[in-house]
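Single-structure report; data block below.
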Amino acid sequence: MQIVQAFKEKRPSALYSLVLYFLGFMLLWEWLRPLNQISSTEDTHVFVVFTAFLFLITYFQLRLWISFPIKFVALLYALHSLYYPDLFLSFQWVPHLLGDIQANMGMIWSRSWTELSSVTRSLLFLILLWLVSYLMNYWLTQTKRIFLFLFMTVLYITVLDTFTPYDAKVAIVRTVFIGLILVGILRITKIVEKEGFSLMKGRFPVMWMVPLSVVIALSSTLGLLAPKASPQWPDPVPFLSALNNSDEEIPGDGNSFGRIGYGTNDSRLGGPFKFNYDEVFTAKVKERHYWRVETKDTYTGKGWESSERDEPLFLNRDHVEYNALGSNLIEPGGAEMEKQKASIKMTKRYPFIVSPGVITSLRARDDVNFLMHPQTGKINTFSQNRSTELKSYQMDYELPQYDEKKLRESGGDYPRYVSGLYLQLPAELPKRVKQLAAKVTGKLDNPYDKAKAVENYFALNNYGYDTVNVRAPKRDEDYVDQFLFKAQKGYCDNFSSAMVVMLRSVGIPARWVKGFTYGDYQETNKEYKTYKITNANAHSWPEVYFSGVGWVPFEPTRGFSNPSSFEEEIQSAAAPAAPAVPKDKKKNEIKPKQKEQGLDKAAKKSDAGVNIAGFVALFLVLAAVPIVALFRKKWLRQYYIWKFRRQRGTGTFAEAYHRLLYLTQLYGLKRDPAFTLREYAAYVDRSLDTKDMKVLTSAYESLQYGRRDSTDYWNDTNRKLWENLIKRLRG
Amino acid sequence: MSVNKARYDSYRSELDAVIKNIEHVIVGKKQISELSLVALLAGGHVLLEDVPGVGKTMMVRAIAKSLGLQFNRIQFTPDLLPSDITGVSIFNQKEMNFEFRPGPLMGNVVLADEINRTSPKTQSALLESMEEKSVTIDGHTHILPNPFFVMATQNPIEYEGTYPLPEAQLDRFLLKLNMGYPTPDEEMSILNLMIHHHPIDNLKPVVTSGQLQEMKQKVTEVYVDDTVKKYIIDLVNRTRNHRSIYLGASPRGSLALMKASQALAFIMDRDFVVPDDVKYLAPYVLTHRILLKPEARFEGESAQSVVMELLNRVPVPIQKDQHAR
């Protein structure tokens, strides 16, 4: 009796499928794990939970009309929890979602993937997960093959490990381990099915798992413990990115990993980061410019520190003697000054203010005191002796307009407090840095031209802008040395530090400034323009001291240009092109207009989302191809019926007939090329138990072999026969 | 179109009547009667290869009678002379001139029984007249009656004292048919049918000679699409390159296949040929036109099996542009 029962119950035991689905889910999870590191996707747990839920529902093997709605609601819930703060059941979010989808359909059709809103992207991604879970179910329970997927997973992880900051050391072990178990179980199942002897017991041969687990455990342990050969090939990343960076303006444009905002600790610089587009503050100004926060004077070989020695000073808010007090931004008479006003609204609260340069007066809440550190130029805000954060403040300030002639004439006699602090270099600084600096500046006779030469050195030697494929210097490496000679690419910190260090090594005082670039244009109100400054605008740049002029900002970072104003000498051949007008800010010089008009949040997000969009698109395509191919039987049927209901005109009948031939063959009714249509029609009719194919075929014959006009063949009668045949195709 | 259709229907009924007529005499050989009609309508001749006593003669007579045609029979023997079949000029002493006495060939439907028993000289006299539809005697050309339809039989069993027809001669028959034995049921019907008198005596013509001429004309008008022609050529061409075949079918073979297909399409009430016609007729049209290699014959292959193999291999054109290459 038991045997008979086992024969009847072909369904595998519940535990067996549970294990299968669980392992399958674990494998798919490996695809999701790196997402928050390699892209700007946050809340990856939503995707993971959603996937787990899909697997769970599939595990219960509910009927399609039950499971589909459940999964669909789960999808909506996941989407809701990602983007809409209101209650799920309030359904107020539904119109938003629909509107968003509608707005994005056009972009999908025009294939502007990067323009998609994040809601749509997430929706697509969720659908993709759904499809993949379906596919995995198919692999696990139907074909019982998972090796291809395992292979793809390993490939995916290794590629990520090589080209992104994602560290896949553990992931790869996990994947291989899970994958091997899964492959092993499926293999056993196949053997059992093929030989048919599980039917004798009616269950999975658990005993077989013992040797399998032993083998996997042994090989994994061995693999983990065995000594590993060092890489046989050089790291491909620098080579590949060097190839890529020949047109270096674009890289780094939003392609970023890790996170950065404005931080105070710069003692260890390096490594990749990811842009964060959270707003920091908005500024209303007449002319855009960089916003300084503080300067640092001591280069440690790893980063920057401040040798703060002076006491902070209280500022008189109505008359800030900002310039006089040690910061020495502009020496008296060093440059022409232009009076300006600015109004700042903070979104992020910081206990310091951002400053445009030479502040003359500050306006804020009455209870607030401003305390300035003369050396760093940082102005902290206090209220009742406690650090406080301002929501908004206004200031009057002066923007310097530097005279290049004056800069060139400025000699090498520096005040003591300048040369004492700002020529510092660590003793361990590799000699080749100095040698390089000497080589770059050697032939030039004045500090300004030397500074310009160093500033332009990076562009002339194709140093790339890159925030992604940059590794932090090793323990024994110097930050600047590594950038100058090994990586040859990086972001603002690399360029600015390198310039400062190089200048210092040839005896020109320089310092490292931190702050923000001018941000994204929002709107104009009278003559004041509003800019939005986000964490992504955090920036660093060098300032160089010129006797009689003061501290002059430079912009060595690739893709950025100096917003400070320079009055050019007429004969300035010695200074090769440095954009001197307050022109442009950031990275993408190619499309400054677009940037300026600030294509709003979506545009910027998509900027950052190029990655995930790319990944999603790629993943989608890769996953869609087999799915589409796999289910083509079903959707092709529907599609043809839909299509030919509408189609009219000559040739339609012949086309429809050929589509029918294709479908019948797809459904296993193969036509030998030596079959005549009648023979095939008879075969089809026999298989489908109809006579319709014969009728259609004789109509087609008179079209094909007789001299008939095809117009009246696609009539209702023939179309019904045709549809009937298609509907009869099964399995 | 409806007028045309009606016209075709009437032919169909006439053809049905002929076949039914034949069936009165020959039990269970509808296929053979149909194929004989194909040959007749296509203006060709038939070679019947079978053992004696299966009704070859009766069938030919039935056809002739149904169509109201004159039936002649020639029993071929080794001593038969050409003049014995074509006719001879005899000096009429009363009139003092030579007078032509027509031989048995001068009929509409001629049964040439056991054609392989006579000498090649006489054989070729028959075959030439079949091709030319005329005989020349003493410098006078005598046109054979129209329609002229020869049904030759040969016995595949007894080869003693026979003169097998050479390939070039066989080529002149449009179709080669085998009657085959009737099934036991059919044989029972035959016995029942013949118990009192032979049904052939009661057969009445169902088609006039004029109608037959009209039908023959219509057959030539049956449309053959280029794709179907290509299929024919493809098929025939492959007999020339087949590994088991020593001599393939000639262009006359292609022509015969096409003409026969037209006639079959006509009988099937169609005004165009479909590949099925070609496929159906190919074994009857092609097997006597190809010569197998001795080694193939030793391996048990026959012309029949080779043609069937070709039919199972040559792709059938199902789309116009497929062959527009």
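Just one of A:Ser110, A:Ser40 is at pLDDT below 85, farther than 20 Å from A:Ala623 by Cβ, assigned by TED's automatic domain parsing to the domain that holds A:Met136 and surrounded by 19 or more Cβ atoms within 10 Å (Cβ to Cβ); which is it? Don't jump to the end; show me each part of the working.
Numbers: A:Ser110 fails: surrounded by 19 or more Cβ atoms within 10 Å (Cβ to Cβ).
Only one candidate passes the filter, namely A:Ser40.
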Which members of region B:209-236 meet the condition of being surrounded by 16 or more Cβ atoms within 10 Å (Cβ to Cβ) and among the hydrophobic types (A, V, I, L, M, F, W, C)?
-> B:Leu212, B:Met215, B:Val219, B:Val222, B:Val224, B:Val228, B:Ile232, B:Leu235, B:Val236
Subset of region B:1-54 (residues that are modelled with pLDDT of 80 or more and of a type in the set (S, T, N, Q)) | B:Ser13, B:Asn21, B:Gln31, B:Ser33, B:Ser36
If we scan region B:258-274, do we find a residue that is more than 24 Å from B:His45 (Cβ to Cβ), in contact (Cβ under 8 Å) with a residue 60 or more places away in the chain and within 26 Å of the chain's Cα centre (by Cα)?
-> yes
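Taking helices (runs of 4 or more DSSP H) that fall entirely within region B:90-204, which contain at least 1 residues that are over 22 Å from B:Gly43 (Cα atoms) and within 21 Å of the chain's Cα centre (by Cα)? Working first, answer last.
On the way: elements: B:120-132, B:167-170, B:184-193.
Of the helices (runs of 4 or more DSSP H) lying wholly inside region B:90-204, those with at least 1 residues that are over 22 Å from B:Gly43 (Cα atoms) and within 21 Å of the chain's Cα centre (by Cα) span B:120-132.
How many residues does region A:33-55 contain that are in contact (Cβ under 8 Å) with a residue 12 or more places away in the chain and in a helix (DSSP H, G or I)?
Applying the first criterion (in contact (Cβ under 8 Å) with a residue 12 or more places away in the chain) to region A:33-55 yields A:33-35, A:37-41, A:43-44, A:46-55.
From what's left, in a helix (DSSP H, G or I): A:35, A:37-38, A:44, A:46-55.
Number of matching residues: 14.
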Scan region A:297-311 residue by residue and report those that are part of a strand (DSSP E or B) and modelled with pLDDT under 85.
-> A:Glu305
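Yes/no matrix, rows are residues, columns are (1) surrounded by fewer than 17 Cβ atoms within 10 Å (Cβ to Cβ); (2) in the same structural domain as B:Gly44 (by TED's automatic domain parsing); (3) under 17 Å from B:Ala39 (Cα atoms):
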| residue | (1), (2), (3) |
| --- | --- |
| B:Thr118 | no, yes, no |
| B:His140 | yes, yes, no |
| B:Leu144 | no, yes, no |
| B:Pro164 | yes, yes, no |
| B:Lys176 | no, yes, yes |
| B:Pro182 | no, yes, no |
| B:His198 | yes, no, no |
For B:Lys320, state whether it is in contact (Cβ under 8 Å) with a residue 40 or more places away in the chain and either crowded, with 18+ Cβ neighbours inside 10 Å or under 22 Å from the mean Cα position of the chain (by Cα) (or both).
-> no
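What is the residue count in region B:237-279 for residues that are small (Gly, Ala, Ser) and out of contact with any helix residue (DSSP H, G or I) (no Cβ under 6 Å at 6 or more places or on another chain)?
Step one: of region B:237-279, the residues small (Gly, Ala, Ser) are B:244, B:248-250, B:253-254, B:256, B:260-261, B:263, B:265.
Filter once more, keeping what is out of contact with any helix residue (DSSP H, G or I) (no Cβ under 6 Å at 6 or more places or on another chain): B:250.
Number satisfying all stated conditions: 1.
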When A:Ala624 is run through (1) modelled with pLDDT under 85; (2) in a helix (DSSP H, G or I); (3) more than 39 Å from the chain's Cα centre (by Cα), the failure sits at (3)
Of A:Tyr448, A:Tyr465, which residue is closer than 19 Å to A:Gln482 by Cα and either in contact (Cβ under 8 Å) with a residue 40 or more places away in the chain or of a type outside the set (A, V, I, L, M) (or both)?
-> A:Tyr465
Restricting attention to region A:504-519, report how many residues are under 19 Å from A:Gln375 (Cβ atoms) and part of a helix (DSSP H, G or I).
-> 1
Qualifying residue in region B:185-205 (condition: within 13 Å of chain A (Cβ to nearest Cβ) and in contact with a Lys or Arg (Cβ under 8 Å, 6 or more places away or on another chain)) = no
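Going by what's in this entry, would A:Asp520 be described as among the charged types (D, E, K, R), more than 26 Å from A:Ser306 (Cα to Cα), without any contact (Cβ under 8 Å) to a residue 12 or more places away in the chain and out of contact with any Ser or Thr (no Cβ under 7 Å at 6 or more places or on another chain)? Spell out how you get there, then give the answer.
Details: among the charged types (D, E, K, R): yes; more than 26 Å from A:Ser306 (Cα to Cα): yes; without any contact (Cβ under 8 Å) to a residue 12 or more places away in the chain: no; out of contact with any Ser or Thr (no Cβ under 7 Å at 6 or more places or on another chain): yes.
Taking the combined requirement at face value, the residue does not satisfy it.
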Please verify whether region A:56-71 includes one or more residues that are over 17 Å from A:Val132 (Cα atoms) and touching a residue at least 24 places away in the same chain (Cβ under 8 Å).
-> no
Across (1) assigned to a helix (DSSP H, G or I); (2) within 14 Å of chain B (Cβ to nearest Cβ); (3) of a type in the set (Phe, Trp, Tyr), A:Trp635 clears everything bar (2)
Is there a residue in region B:301-316 that is more than 10 Å from chain A (Cβ to nearest Cβ), part of a strand (DSSP E or B), touching a Ser or Thr at 6+ places or on another chain (Cβ under 9 Å) and surrounded by 20 or more Cβ atoms within 10 Å (Cβ to Cβ)?
-> no
Scan (1) part of a helix (DSSP H, G or I); (2) within 14 Å of chain B (Cβ to nearest Cβ); (3) exposed (fewer than 15 other Cβ atoms within 10 Å of the Cβ) for the single condition A:Thr650 breaks and write down its number.
-> (1)
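When only residues in region B:77-89 that are part of a strand (DSSP E or B) and at negative phi count, which is surrounded by the most Cβ atoms within 10 Å (Cβ to Cβ)?
The first filter runs over region B:77-89 and keeps only residues part of a strand (DSSP E or B), leaving B:87-89.
Checking the rest, the ones that are also at negative phi come to B:88-89.
Working: B:Val88: 17, B:Ser89: 15.
Ranking the candidates gives B:Val88 first.
The values are calculated or read from the model by the stated rules, or taken from the named source; none is laboratory data. The model shown is predicted, which means the values in this text are computed figures rather than measured ones. Methodologically, a virtual Cβ is constructed for each residue, glycine included, from the backbone with ideal geometry; neighbour enumeration extends over all protein chains shown.
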